[in-house]
Amino acid sequence: MKKSTPTKTPTTTTTKTTLKEGEVLNHLLGFEGMVIIQRRDMFSFSLDSVLLAAFTNVPKRVSRILDFGTGFAPVPLMLSRKTKKPITGIEIQPEVADIARRSVFANGLEHQIDILEADIASLTNTYPHESVELITCNPPFFRYTTESNTNDNAFQTIARHEVKITFETMVDTAATLLKDKGLFVFVHRPERLTSIVAALNAKRMTIKRMRVVHARIDRPAQMVLIEAVKGGRDGLTLEPPFFVHKDDGSYTDAVEKLFRDERT
């Protein structure tokens with residue numbers, strides 16, 4: 001469900017934001033006073049990111065949060081409404097990382113959020129091992145082969161397909177960086193669930209909380225939100241399913257709450 005979310009251009013803003021060619025400054029949904037820079041010839045942030053941020057719990061013991069594949073940094077921006085703890089967004093594409101940094105600056109959050117231009121797989125060589133309590137991730141959903149039906153747009157291809165990194169490598173990196181009982185919270189596709197569980201189990205990471213997302217009540221699930229715990233014991237909480245659209249195609253009350261920055 002890599003579908004862009006509805007946004008609108010602010011009529012006024014108190015931030016001093018310089019936009020480059022092709023960029024637009026949008027309101028960050030219902031997060032009052034928050035904006036995000038986007039370039040639609042790259043991609044727009046999606047409902048996946050909104051759901052991921054809403055699903056993520058930030059325990060008091062958390063001292064730092066990493067967001068793998070941060071894109072334009074929608075997840076760090078939204079999480080900043082839940083916590084004052086430092087958040088680092090990891091982004092491999094230089095142009096995307098630049099936009100993310102300027103989005104952070106546009107919201108006056110550079111004291112809390114920083115953007116690191118880096119390959120996620122390389123973090124185990126530069127970050128202290130077992131030093132992080134919470135990692136979030138909205139990964140590429142689709143495996144990549146030479147026969148994959150990819151988009152001509154390289155930015156979109158990297159965002160949607162495992163061109164630069166596989167999910168298994170993300171799990172390996174998360175397991176290395178997380179402290180014992182640290183959380184790895186992510187969104188993915190239900191058809192990948194078998195391999196997701198196998199990858200987590202291989203690194204002693206246990207799924208503790210899960211929620212499936214349906215486009216409509218009569219449709220198969222399109223996304224799954226997962227919280228895994230490093231070294232966690234068995235015991236899964238399967239949360240109520242989340243429905244995006246009503247029968248008439250309009251958004252459900254649950255989605256409207258998210259767009260108003262309310263917990264569901």
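Being farther than 24 Å from residue 75 by Cα, touching a Phe, Trp or Tyr at 6+ places or on another chain (Cβ under 7 Å) and hydrophobic (A, V, I, L, M, F, W, C) is the requirement here; does residue 226 meet it? Let's see the steps before the verdict.
Working: farther than 24 Å from residue 75 by Cα: no; touching a Phe, Trp or Tyr at 6+ places or on another chain (Cβ under 7 Å): yes; hydrophobic (A, V, I, L, M, F, W, C): yes.
So residue 226 does not fit the description; no.
Which of the strands (runs of 3 or more DSSP E) found entirely inside the range 6-89 contain at least 1 residues meeting this: modelled with pLDDT of 90 or more and closer than 22 Å to residue 174 by Cβ?
Numbers: elements: 23-27, 35-39, 65-68.
So the answer is 65-68.
In this structure, is residue 216 assigned to a loop (DSSP other than H, G, I, E, B) and either aliphatic (A, V, I, L, M) or surrounded by 13 or more Cβ atoms within 10 Å (Cβ to Cβ) (or both)? Give the steps one after another, and end with the answer.
Working: assigned to a loop (DSSP other than H, G, I, E, B): yes; either aliphatic (A, V, I, L, M) or surrounded by 13 or more Cβ atoms within 10 Å (Cβ to Cβ) (or both): yes.
In short, yes.
Taking the range 222-241, which residues are part of a strand (DSSP E or B), at pLDDT 95 or above and not polar (S, T, N, Q)? Walk me through it before giving the result.
Taking the range 222-241 as the starting set, the residues that turn out to be part of a strand (DSSP E or B) are 222-230, 237-238.
So of that shortlist, the ones also at pLDDT 95 or above come out as 224-230, 237-238.
The answer is 224, 225, 226, 227, 228, 229, 230, 238.
Please work out which residue is farthest from the chain's Cα centre (by Cα), limiting yourself to the range 242-264 and to residues that are of a type in the set (Lys, Arg) and either loosely packed, with under 15 Cβ neighbours inside 10 Å or at pLDDT 95 or above (or both). Don't jump to the end; show me each part of the working.
Kept after step one, since they are of a type in the set (Lys, Arg), are these residues of the range 242-264: 246, 257, 260, 263.
Within this subset, residues satisfying the condition of being either loosely packed, with under 15 Cβ neighbours inside 10 Å or at pLDDT 95 or above (or both) are 246, 260, 263.
On the way: 246: 25, 260: 19, 263: 17 Å.
Per the criteria, the residue is 246.
Pull up the range 84-97, narrow it to residues that are in contact with a Leu (Cβ under 9 Å, 6 or more places away or on another chain) and of a type outside the set (Asp, Glu), then point me to the one that is surrounded by the most Cβ atoms within 10 Å (Cβ to Cβ).
Narrowing the range 84-97 to residues in contact with a Leu (Cβ under 9 Å, 6 or more places away or on another chain): 85, 87-91, 97.
Adding the requirement that they be of a type outside the set (Asp, Glu) leaves 85, 87-90, 97.
Working: 85: 16, 87: 26, 88: 20, 89: 30, 90: 23, 97: 21.
Out of the qualifying residues, it is 89.
Can you tell which of 161, 129 is within 19 Å of the chain's Cα centre (by Cα) and either at pLDDT below 95 or within 18 Å of residue 63 (Cα to Cα) (or both)?
Values: 129 fails: within 19 Å of the chain's Cα centre (by Cα).
Exactly one of 161, 129 is within 19 Å of the chain's Cα centre (by Cα) and either at pLDDT below 95 or within 18 Å of residue 63 (Cα to Cα) (or both), namely 161.
Within the set of pairs 6 or more residues apart or between chains, which connect a residue that is among the charged types (D, E, K, R) inside the range 14-34 to a residue that is modelled with pLDDT of 80 or more with Cβ atoms less than 6 Å apart?
From the range 14-34, the pairs are 23/37; 23/39.
In this structure, does residue 173 turn out to be modelled with pLDDT under 95 and either under 22 Å from residue 45 (Cβ atoms) or among the hydroxyl-bearing types (Ser, Thr, Tyr) (or both)?
On the way: modelled with pLDDT under 95: no; either under 22 Å from residue 45 (Cβ atoms) or among the hydroxyl-bearing types (Ser, Thr, Tyr) (or both): yes.
Answer is no for this residue.
Only residues that are within 14 Å of residue 48 (Cβ to Cβ) and in contact (Cβ under 8 Å) with a residue 40 or more places away in the chain: list them for the range 178-199, please.
Taking the range 178-199 first, the residues within 14 Å of residue 48 (Cβ to Cβ) are 185-190, 192.
The answer is 185, 186, 187, 188, 189, 192.
Residue 138 - would you say it is modelled with pLDDT under 95 and over 15 Å from the mean Cα position of the chain (by Cα)? If you could, list the steps in order and put the result at the bottom.
Values: modelled with pLDDT under 95: yes; over 15 Å from the mean Cα position of the chain (by Cα): no.
Spelling it out, it is not the case that residue 138 is modelled with pLDDT under 95 and over 15 Å from the mean Cα position of the chain (by Cα).
The values are calculated or read from the model by the stated rules, or taken from the named source; none is laboratory data. Because the structure is a prediction, the values reported are computed rather than measured. When we count neighbours, we look across all protein chains shown, and the Cβ atoms used for this are built from the backbone with ideal geometry, even at glycine.
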